[in-house]
Amino acid sequence: MLTSKPVTPSSTSTHTSLRDRPALQFALRGMWFLVVAYLLYVLVAGLFHTGAISTTNTSVIRQIARLGLNLLTFSAIDIVSDLYILLGYLGLAVILFIRRSDDWFAILLSIMIMTFGVSVTSLGNDLAASQGLGAWMSPIMMFGQTGIVLLGWLYPDGRFYPRWLKYLLPLLLLTMIVFYWPGLPIHGNAKDMPFFLAVSMFWYLGTVAVMVARYRSSTNLAQRQHVRWLFIGMLGPLLWFVLFNALPLLFPNLQDETSFAGVGFMIVIRILSIGLFLAFPISLTIAIARYRLFDVDLIINRALVYGALTVALVTVFAFVLVLINLLWTAVAGRGQAGLAMVVSAVAAGALFQPARKALQRFVDRTFYHINIDYLKTPLGRKLAGGDTDTTLAAPKLFSKYNNLALIGKGGMAEVYRADDCTHDRSVAIKVLLSNLAEDVQFRKRFQREAQALAGLEHPNIVRIYDFGIENNLYYMVMEYLNGMSLSSAIRQNGKMDLDTARPILTNIAEALDYAHQAGLVHRDIKPSNVMLDSGRGMLRAVLTDFGIVKMPTALTNITESAVIGTFDYIAPEQIQATGQLDGRADIYALGVMSYQVLSGALPFKRNSPGALLLAHMTTPPPDIREVEPTTAQRTARAIQQAMAKEPANRFHTAMEFVAALT
């Protein structure tokens, strides 16, 4: 299968692979399941052994009651925090194992993620400090904290960098044993807290330095991006660690969990933990998905948007709830949980729609480089309700043409068949809808199409005879094509065999190469823009609709942030809105159209526009033989090469592609 050049570091698929080591693969898979079983046992046992807070501390309970909160409200904050943290970490770990359990580094990474995620939860820390299950929780704490440091040393290729770090591993393990072995937790003793912080920061900041050094020394772009995203993700847990441990040292009153300040600090720090701890699995997921570590392509766009939005709204709800209670207590001396809940719900509801759209755009542009705003109505799709005055007025307003008859109507224009008495020929008159003529973007698009066609003279490109404005109607007069569109032919007759499709594809390829040599990029190649004309005694395919053509003399982008192209056929570089767009974008669309013509189906089918764009950006071109088994191998490979993600990996010309089909 021909695909675009992978961005996965090559080393990830060689020395870490277990495909040639079945015994080790079986052993490591077994170890993974044992770790999962152990974690589940400890967590389930912990739910029966302890709660979100210690109910034996009556002074804490009294202080919570004095603040206007109850045990249910206070516990909910801890429970919600733990729930989202566990979902983020365990979800990524399980998906990673399912997709790549044939790679030892992927298995190790999955275990690291799981154990660290459990170790940073409130429940995990309560269990570590408890008498009954402390011994069971300690190995999880040790491996989780060791794993987060070790990950910075090994990621993303499974090799120590620098190599001498492997000699520090025994010292790292010894440190974590001293910190978390039952009966010897230094951090549990207030007088040893400065030592605990100093040693912990030595390891954590040292890991940060290692990642910075790896980033600077690496010449592999994908590896640099992996390290960059891991670095961003690690800043979240590190910031939480500093806030949680350093602030009480600077402000001793925060250490008193029975005081107003102490309880408030506990609540706020738990709310902050949701976002700060989830930064790590989210960043790691982005790195794995975007840069294909282990050849895993996680489609995370919607999950990331709605997951992050849910977490944000829960955080807003909880924070406003707590803040209003605290302020009400300070002013009135009593809490108002009911009022706080109403205000929180209103705030979350009001933020939902703008936050959803802002997050969607941020994820698309930052993580997947989707720089077109597909949430807006695409250019050329603003349909007016009912008939416009164009339909009624156009047949009467053109002095040079007679017998106008409406033969087609789209979202932007109407097309009339008419008689040109001066030249004794039938013509097609395309008229911009009058309700759109006042819109500068639609007007520029219409005029651009006319200007582009006026400079082209090719038998497979629709010919333009005249264009202008008459009686406030923008129009262009073109040759009349006697036939149906390619999309109508597919809809009526279904797929074509290669012998039938070859002349059509050849005609379009010749038209594209001619336009490309003139410096034009069509940008909207699709079956509905190909007319099958039989007016000259033989069937010929004619390329139409140059409304969003890219011209070499264009100085501005006529569509601003609107969509340029049709989602089903759009090239990745059009989605990225790159300024380096050339004729290879049309070759990509021609490859998609060829797939559809020969199979009767589109290569990418998704339920939403965003998912469809992601497929064009990240999903390898499918093999047409999966839906049309009789297709020749050379034909399938030619289509895949035409649809390569990177323009450099496609054919140089459209005719070169058509020649490769046979």
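The values are calculated or read from the model by the stated rules, or taken from the named source; none is laboratory data. Everything numeric here is computed off the predicted structure, so don't read it as measured data. Neighbour counts are summed over all protein chains in view; Cβ atoms, including those assigned to glycine, are modelled from backbone coordinates with ideal geometry.
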**Asked** When the stretch 232-268 is examined, which residues are found to be within 23 Å of T207 (Cβ to Cβ), more than 28 Å from the chain's Cα centre (by Cα) and surrounded by 15 or more Cβ atoms within 10 Å (Cβ to Cβ)?
**Response** F241, L243, F244, N245
**Request:** Taking only the stretch 108-141 into account, find how many residues are closer than 25 Å to D20 by Cβ and either among the hydroxyl-bearing types (S, T, Y) or surrounded by fewer than 24 Cβ atoms within 10 Å (Cβ to Cβ) (or both).
**Result:** 4
**From E438, E470, E457, residue being charged (D, E, K, R) and touching a residue at least 12 places away in the same chain (Cβ under 8 Å)** = E470
**Prompt:** Considering only residues of the stretch 107-142 that are touching a helix residue (DSSP H, G or I) at 6+ places or on another chain (Cβ under 8 Å) and outside any helix (DSSP H, G or I), which is nearest to L293 (Cα to Cα)?
**Reply:** V120
**Complete:** A careful count of residues in the stretch 1-28 that are among the hydroxyl-bearing types (S, T, Y), surrounded by 15 or more Cβ atoms within 10 Å (Cβ to Cβ), part of a loop (DSSP other than H, G, I, E, B) and modelled with pLDDT of 50 or more gives 1
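Tally time: how many residues in the stretch 400-455 are among the β-branched types (V, I, T), out of contact with any Leu (no Cβ under 9 Å at 6 or more places or on another chain) and under 28 Å from A515 (Cα atoms)?
Quick first cut of the stretch 400-455, residues among the β-branched types (V, I, T) only: 407, 415, 422, 427, 429, 431, 440.
Restricting the remaining residues to those that are out of contact with any Leu (no Cβ under 9 Å at 6 or more places or on another chain) gives 407, 422, 427, 440.
Now narrow it down to the ones that are under 28 Å from A515 (Cα atoms): 407, 427, 440.
Result for the stretch 400-455: 3.
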**Request:** Can you tell me which residue within the stretch 442-454, out of those that are without any contact (Cβ under 8 Å) to a residue 40 or more places away in the chain and closer than 16 Å to L432 by Cα, is surrounded by the most Cβ atoms within 10 Å (Cβ to Cβ)?
**Result:** A450
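Yes or no, residue by residue, for (1) surrounded by fewer than 23 Cβ atoms within 10 Å (Cβ to Cβ); (2) of a type outside the set (S, T, N, Q); (3) at pLDDT below 95:
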site: G579; (1), (2), (3): yes, yes, yes
site: D582; (1), (2), (3): yes, yes, yes
site: L590; (1), (2), (3): no, yes, no
site: G600; (1), (2), (3): yes, yes, yes
site: G610; (1), (2), (3): yes, yes, yes
site: T631; (1), (2), (3): yes, no, yes
site: T635; (1), (2), (3): yes, no, no
site: A638; (1), (2), (3): no, yes, no
site: E646; (1), (2), (3): yes, yes, yes
**Asked** What are the residues in the stretch 600-635 that are of a type in the set (D, E, K, R) and closer than 21 Å to A660 by Cβ, if any?
**Response** D623, R625, E626, E628, R634
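Counting just the residues of the stretch 30-57 that are hydroxyl-bearing (S, T, Y), at pLDDT 50 or above and out of contact with any Asp or Glu (no Cβ under 7 Å at 6 or more places or on another chain), which one comes out farthest from V80 (Cα to Cα)?
Y38
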**Message:** Quick check on the stretch 183-196. Is at least one of its residues surrounded by 16 or more Cβ atoms within 10 Å (Cβ to Cβ), in the same structural domain as L168 (by TED's automatic domain parsing), under 23 Å from T366 (Cβ atoms) and modelled with pLDDT of 80 or more?
**Reply:** no
**Request:** Please tell me if L169 is over 34 Å from the mean Cα position of the chain (by Cα) and either free of Cβ contacts under 8 Å to residues at least 24 places away in the same chain or at positive phi (or both).
**Result:** yes
**Neighbours by Cβ (under 8 Å, 6+ apart or cross-chain): first from the stretch 250-270, under 14 Å from S122 (Cβ atoms); second at pLDDT below 75 and β-branched (V, I, T)** = E257/V60; E257/V263; I267/I77; I267/V322; V268/V322; R270/I77
**Request:** Please indicate, with yes or no, whether at least one residue in the stretch 458-467 is closer than 28 Å to A577 by Cβ, among the hydrophobic types (A, V, I, L, M, F, W, C) and not assigned by TED's automatic domain parsing to the domain that holds T635.
**Result:** yes
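Here's the yes/no breakdown for (1) assigned by TED's automatic domain parsing to the domain that holds V178; (2) more than 32 Å from the chain's Cα centre (by Cα); (3) modelled with pLDDT of 90 or more; (4) closer than 26 Å to F179 by Cα:
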{"site": "V60", "(1), (2), (3), (4)": "yes, yes, no, no"}
{"site": "L67", "(1), (2), (3), (4)": "yes, yes, no, no"}
{"site": "R100", "(1), (2), (3), (4)": "yes, no, no, no"}
{"site": "D126", "(1), (2), (3), (4)": "yes, yes, no, yes"}
**Request:** Give the number of residues within the stretch 433-454 that are assigned to a loop (DSSP other than H, G, I, E, B) and at pLDDT 80 or above.
**Result:** 1
